[in-house]
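Step one of this worksheet: look at the structure below.
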């Protein structure tokens, strides 16, 4: 058997030790974040821009990494807000490699989740940036990502109270325009339920603003359109807001609330009557001689 000399043994052990050491690479996270922000503003290639926007919400959830990278949060807010505003962004027909059928609403669907993730960074945002976030999410209530925006606005009521206090009338106005569907029912009612627990946000409400709260919640008491959980939650929200409402406003709001509740019950009775009639027709048709 061949024997290794002491010198060669030392050399071989040194090579083995060197090869066992891990390879360490240093990445400047700040430069990476600056590149992401720049790409949101300047990128004209759809596959690249859509990939960046799809990955951004997940990246923002890693708060330790984001804070370590010293991201410019205001710059990111500005870029996302401008992209969400069709007047400020590059038209899709001027972008490259846009798949057939992709519309502006598809781009918005990528933008709003990223802006929603910004609600986690209250301590890193100034007051104007917070207003920017809330204002953009408010516009998102009319998009495909309405549920994402609603849940982010719930968090904003907790984390950005001063900014939300300034913009709450606008948010309620936008909510009143949202179609009452099963998809948004629970997020809308959760928003109203959470809002009632923060009196400083509605301490200066006038009668019209309370009426708007009821106008938002009342459609969800329709038992024909919504399941029992949604209907029960809607009644709970209405009752709680009525108790919080100033006594001087109640006498004028009672007829409005009762009228809408009765209308929904009448719809339920009519629907039940139609079902009974249909069932009787089916039963009689079964009993008819062949």
Look through the stretch 60-71, keep the residues that are surrounded by 15 or more Cβ atoms within 10 Å (Cβ to Cβ) and either under 24 Å from the mean Cα position of the chain (by Cα) or at pLDDT 90 or above (or both), and return whichever of them is nearest to residue 133 (Cα to Cα). 60
Among the residues that make up the stretch 99-111, is at least one of them touching a residue at least 12 places away in the same chain (Cβ under 8 Å), part of a loop (DSSP other than H, G, I, E, B) and over 18 Å from the mean Cα position of the chain (by Cα)? yes
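Quick grid of which residues meet (1) under 16 Å from the mean Cα position of the chain (by Cα); (2) in contact (Cβ under 8 Å) with a residue 40 or more places away in the chain; (3) part of a helix (DSSP H, G or I):
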| residue | (1), (2), (3) |
| --- | --- |
| 118 | yes, yes, yes |
| 130 | yes, no, yes |
| 133 | yes, yes, yes |
| 148 | yes, no, yes |
| 153 | yes, no, yes |
| 158 | yes, yes, yes |
| 180 | no, yes, no |
| 193 | no, yes, yes |
| 210 | no, yes, yes |
When the residues of the stretch 72-94 are narrowed to those that are in contact with a helix residue (DSSP H, G or I) (Cβ under 8 Å, 6 or more places away or on another chain) and within 14 Å of residue 43 (Cβ to Cβ), which ends up surrounded by the most Cβ atoms within 10 Å (Cβ to Cβ)? 80
In the set 141, 153, 172, which member is surrounded by 20 or more Cβ atoms within 10 Å (Cβ to Cβ) and not assigned by the TED database to the domain that holds residue 86? 172
Could you tell me whether the stretch 66-84 includes any residue that is free of Cβ contacts under 8 Å to residues at least 60 places away in the same chain, farther than 21 Å from residue 32 by Cβ and outside any helix (DSSP H, G or I)? no
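The values are calculated or read from the model by the stated rules, or taken from the named source; none is laboratory data. As the structure is a prediction and not an experimental result, all values here were calculated from the model. So basically every Cβ, Gly included, is an ideal-geometry build from the backbone, and we count neighbours across all protein chains shown.
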